[in-house]
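Chemist: This is the structure I have questions about; it appears just below.
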Amino acid sequence: MNHAIHTEPDAESLAAYARDWLVELIGARHAASDSAKFSLALSGGSTPKRLYQLLAQLPAGSVNWQRVLLVWGDERNVPADHADSNFRMVKENLLEHIDIPEENILAVPDPGGQPRSVAEHYEKLLRDRFEATSSGFPALDCVLLGMGEDVHTASLFPNTTALQETHRWFVENHVPQLNTWRLTLTAPLINQATDVAFLLSGSGKQQALEKLWHAPYQPELYPSQLIRPTTGRLSFLVDKAAVENVTIPVECR
Ligand code: 6PG
């Protein structure tokens, strides 16, 4: 597995770097084929908001959104117009500002209902749009991830059932520590991606990175440790505050 780390001075320059990194990735994929669409799984939370805003502010034509498929890496099980909805966050900061066909926006249908049926509905939608490889999972072009202070990523939280999933693509996950249901891509699906990138900003990420990189392998406790792309590239796009006082792992140097 190849790792890459890129450190920017601050949150704003990190968002700009991540924008340019993504634009280049999408452009390269489009250039390599006449018709291939770039499949991008979006992260929720607050960190990627600025990235989405900067993508939205690009001059028309910088990204051929007609050939980009957007997937949600995880979702809160709330209606799409709820303040906590990742779809709503992406809609307000990106979708409303770019020329992307409706059919390219693969959002979780009818979130907020019975968690298992919402998850199954989304998995069916994903299976209708993406071919599985011999692994049994689709190889998305890029999965963007954040990470919480408890080393969760997407909605793969410590000591939750989704961490054990080995067959399903997208699952409901009860998170007792938040007393809520979440919906998430599973680790085996994320690990089939060509590029997986953690976008991490701020000193609040230092402890989690320390555990991710240097604690013994205990994914039940540190779920982000599950993220080990099978053949793809794992990138850490971080700002200085996130890695200050953290030893960069050898494989990232
Ligand atoms: C979510 C995210 C979640 C997020 C981390 C970090 O739905 O909240 O998918 O995994 O990436 O909690 O969140 P921040 O970017 O807000 O620190």
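The values are calculated or read from the model by the stated rules, or taken from the named source; none is laboratory data. Since the structure is predicted, the reported quantities are computational estimates derived from the model, not experimental observations. Glycine gets a Cβ as well: all are built from the backbone with ideal geometry, and neighbour counts include every protein chain shown. These accessible areas exclude ligands, DNA and RNA; they are computed on the full protein's heavy atoms, side chains included. Shrake-Rupley method; radii C 1.70, N 1.55, O 1.52, S 1.80 Å.
Chemist: Within region 97-109, track down each residue that is free of Cβ contacts under 8 Å to residues at least 24 places away in the same chain and open to solvent by 30 Å² or more (accessible area, probe 1.4 Å).
Modeler: At the first step, the residues of region 97-109 found to be free of Cβ contacts under 8 Å to residues at least 24 places away in the same chain are 102-103, 109.
The answer is Glu102, Glu103.
Chemist: Also, I was wondering about something else. Filter region 209-243 down to the residues that are open to solvent by 60 Å² or more (accessible area, probe 1.4 Å) and of a type outside the set (D, E, K, R) and list them by number.
Modeler: His214, Pro216, Tyr217, Gln218, Leu221, Thr230, Thr231, listed by residue number.
For every residue, the table says whether it meets (1) closer than 18 Å to Val171 by Cα; (2) of a type in the set (S, T, N, Q).
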site: Pro48; (1), (2): no, no
site: Asn64; (1), (2): no, yes
site: Asp74; (1), (2): yes, no
site: Ser85; (1), (2): yes, yes
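Chemist: If you scan region 216-241, which residues turn out to be in a helix (DSSP H, G or I) and under 18 Å from the mean Cα position of the chain (by Cα)?
Modeler: Taking region 216-241 as the starting set, the residues that turn out to be in a helix (DSSP H, G or I) are 223-226, 240-241.
Pro223, Ser224, Gln225, Leu226, listed by residue number.
Chemist: Kindly indicate which of Leu42, Leu54, Leu14 is within 22 Å of Asn191 (Cβ to Cβ) and open to solvent by less than 50 Å² (accessible area, probe 1.4 Å).
Modeler: Details: Leu54 fails: within 22 Å of Asn191 (Cβ to Cβ); Leu14 fails: within 22 Å of Asn191 (Cβ to Cβ).
Result: Leu42 is the single residue among Leu42, Leu54, Leu14 that is within 22 Å of Asn191 (Cβ to Cβ) and open to solvent by less than 50 Å² (accessible area, probe 1.4 Å).
Chemist: Please specify each residue of region 57-80 satisfying the condition of being away from the ligand (no atom under 16 Å from the Cβ) and either open to solvent by less than 40 Å² (accessible area, probe 1.4 Å) or of a type outside the set (Gly, Ala, Ser) (or both).
Modeler: Once the filter is applied, which keeps residues that are away from the ligand (no atom under 16 Å from the Cβ) and either open to solvent by less than 40 Å² (accessible area, probe 1.4 Å) or of a type outside the set (Gly, Ala, Ser) (or both), region 57-80 yields Gln57, Leu58, Pro59, Val63, Asn64, Trp65, Gln66, Arg67, Val68, Leu69.
Chemist: All but one of (1) touching a residue at least 40 places away in the same chain (Cβ under 8 Å); (2) more than 12 Å from the ligand (Cβ to nearest atom); (3) among the charged types (D, E, K, R) hold for Glu210; state the number of the condition that does not hold.
Modeler: Going through the list (1) touching a residue at least 40 places away in the same chain (Cβ under 8 Å); (2) more than 12 Å from the ligand (Cβ to nearest atom); (3) among the charged types (D, E, K, R), Glu210 breaks only (1).
Chemist: Related question: Closer than 21 Å to Glu123 by Cα, touching a strand residue (DSSP E or B) at 6+ places or on another chain (Cβ under 9 Å) and away from the ligand (no atom under 11 Å from the Cβ): which single residue out of Ser43, Ser85, Ser39 fits that description?
Modeler: Details: Ser43 fails: away from the ligand (no atom under 11 Å from the Cβ); Ser85 fails: away from the ligand (no atom under 11 Å from the Cβ).
One residue alone meets the criteria, Ser39.
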